[in-house]
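The values are calculated or read from the model by the stated rules, or taken from the named source; none is laboratory data. Keep in mind it's a predicted model, so treat the numbers as computed, not measured. Here the Cβ positions follow ideal geometry from the backbone for every residue, glycine too, while neighbour counts run over all protein chains shown.
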Amino acid sequence: MMCVIMQPTYFPWPGYFNLIASADVFVFLDDVAYEKTSWQNRNRVLVSGRPHWITVPARRMFLGQQLRNVEVSENNRWRDKHFRLLKESYARHPHYTDMMDIVSILRDESLKSLVDLNTKIIRTVCDRLGLLASFRSSGQMGILGDRSERLSKICVALGCDTYLSPIGAKEYLENDHFSSTGSVRLLFQDYSPQSYPQMGSKNFFDHLSILDLIANVGFSHAAAYVKSGGS
């Protein structure tokens, strides 16, 4: 049983969904501290052929506030701005309708917390791509422990014997001696994003939101792309 544990981020990039495609159980790590201007509340899309940041304004009440308790701000009509920007920027793309199926989630103003918004987006994308991992929330599990120790405990509690991590966490996991903290085997994601037809851009830009992939190739090809490791 393979477990992946990741923070819920805003319109994540395809590599995030490659992790989900590899997992039996995917845990949203939602009880960590909110970090302003992180992937938790922003990502990149193409606007006029260039990468452009879209950022959700969030209301942090105090330093160290847990991510799951952070609400989005409604003061500057960011939902309408993001919706219009994405609609106009990708209007001529071959699979615009597929992409807007995901973007339409922004219209749901009942999603008042950043975690609720992000997890709704992620789970809807997974549904459209046919990714079948079981989803859990770390905030509902009540498992304590320092960094790597806690990850290992979450895996054990879920009956998982293998933890799959993005390569970016390799240094701290090895410094924490993750492999010696228990019986859970540690593996690292092998994912190298390959180019795909990217309308409106002379050069290929990687590490963009999954929205860009979907708008260009559609749900069915996006599913094959994330499952195959980007090839």
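I need the full set of residues from the range 99-130 which are under 22 Å from Leu29 (Cα atoms) and among the basic types (Lys, Arg), in order please. Answer for the range 99-130, where residues must be under 22 Å from Leu29 (Cα atoms) and among the basic types (Lys, Arg): Lys112, Lys120, Arg123. What's the total number of residues in the range 139-179 that are modelled with pLDDT under 90, closer than 23 Å to Gly15 by Cβ and part of a loop (DSSP other than H, G, I, E, B)? Qualifying residue count, the range 139-179: 1.
Among residues of the range 199-212 being over 24 Å from Asn118 (Cβ atoms) and out of contact with any strand residue (DSSP E or B) (no Cβ under 9 Å at 6 or more places or on another chain), the one that is surrounded by the most Cβ atoms within 10 Å (Cβ to Cβ) is Phe204.
If I ask for residues that are buried (at least 22 other Cβ atoms within 10 Å of the Cβ), in contact with a Pro (Cβ under 9 Å, 6 or more places away or on another chain) and either among the hydrophobic types (A, V, I, L, M, F, W, C) or in a loop (DSSP other than H, G, I, E, B) (or both), which ones from the range 213-222 would you list? Hits for the range 213-222 are Leu213, Ala215, Ala222.
For the range 191-210, the criterion of being under 16 Å from the mean Cα position of the chain (by Cα), hydroxyl-bearing (Ser, Thr, Tyr) and at pLDDT 95 or above is satisfied by at least one residue.
When we screen Tyr225, Tyr172, Tyr191, Tyr196 for residues that are surrounded by 16 or more Cβ atoms within 10 Å (Cβ to Cβ), out of contact with any strand residue (DSSP E or B) (no Cβ under 8 Å at 6 or more places or on another chain) and either more than 20 Å from Phe26 (Cα to Cα) or basic (Lys, Arg) (or both), the only hit is Tyr196. For the range 183-206, taking the residues that are in contact with a helix residue (DSSP H, G or I) (Cβ under 7 Å, 6 or more places away or on another chain) and of a type in the set (Ser, Thr, Tyr), the one that is nearest to Val47 (Cα to Cα) is identified as Tyr196.
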